[in-house]
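Data first, discussion second: the structure below is written as structure tokens.
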Amino acid sequence: MITFGTFVFQFAWNNYLWPLLVTNSLNMFTLPMGIKFFIGQFTTYYHYMMAAATMAMVPMIIVYLFAQRYFTSGIALSGIKA
């Protein structure tokens, strides 16, 4: 269950398409949608984009470190036939 919860958290954290469809204000955008704004018509601010991507990765790393033991055992047990 913890492995499944980790996968669900990762999917929700990195979700791009669904918030793009249902939100219409800038205050409701998710992090991947916010990172998209660093890409302009003529220039791309790679340094800002990489800094934002690094900051967006921090919660995923914290969740993984918390659930690492359950995550690896869940993956290992999913391939075992009884």
What are the pairs, 6+ residues apart or on separate chains, where a residue within the stretch 1-27 that is under 18 Å from GLN68 (Cβ atoms) has its Cβ under 7 Å from a residue that is loosely packed, with under 14 Cβ neighbours inside 10 Å and at pLDDT 85 or above? TRP13/PRO59
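In the stretch 45-82, what count of residues is obtained for those that are hydrophobic (A, V, I, L, M, F, W, C) and surrounded by 11 or more Cβ atoms within 10 Å (Cβ to Cβ)? Break it down stepwise before answering.
Going through the stretch 45-82, the residues hydrophobic (A, V, I, L, M, F, W, C) turn out to be 49-53, 55-58, 60-63, 65-67, 71, 75-77, 80, 82.
Checking which are surrounded by 11 or more Cβ atoms within 10 Å (Cβ to Cβ) leaves us with 49-53, 55-57, 60, 63, 66-67, 71.
Count: 13.
Please list, ordered by residue number, the helices (runs of 4 or more DSSP H) wholly in the stretch 1-44 having 3 or more residues that are open to solvent by 70 Å² or more (accessible area, probe 1.4 Å) and in contact with a Lys or Arg (Cβ under 7 Å, 6 or more places away or on another chain).
Details: elements: 2-13, 17-22, 31-36.
Once the helices (runs of 4 or more DSSP H) in the stretch 1-44 are filtered for at least 3 residues that are open to solvent by 70 Å² or more (accessible area, probe 1.4 Å) and in contact with a Lys or Arg (Cβ under 7 Å, 6 or more places away or on another chain), nothing remains.
Condition check ((1) hydroxyl-bearing (Ser, Thr, Tyr); (2) assigned to a loop (DSSP other than H, G, I, E, B); (3) farther than 24 Å from PHE7 by Cβ; (4) under 18 Å from the mean Cα position of the chain (by Cα)) across all residues:
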site: ALA53; (1), (2), (3), (4): no, no, no, yes
site: MET57; (1), (2), (3), (4): no, no, no, yes
site: TYR70; (1), (2), (3), (4): yes, no, no, no
site: ILE75; (1), (2), (3), (4): no, no, no, no
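The values are calculated or read from the model by the stated rules, or taken from the named source; none is laboratory data. Predicted model, so just to flag it, every value in this text is computed and none were measured. Positions of Cβ are generated from backbone atoms using ideal geometry, with glycine treated the same way; all protein chains shown enter the neighbour counts. All accessible areas refer to the heavy atoms of the entire protein, side chains included, with ligands and DNA or RNA removed. Shrake-Rupley method; radii C 1.70, N 1.55, O 1.52, S 1.80 Å.
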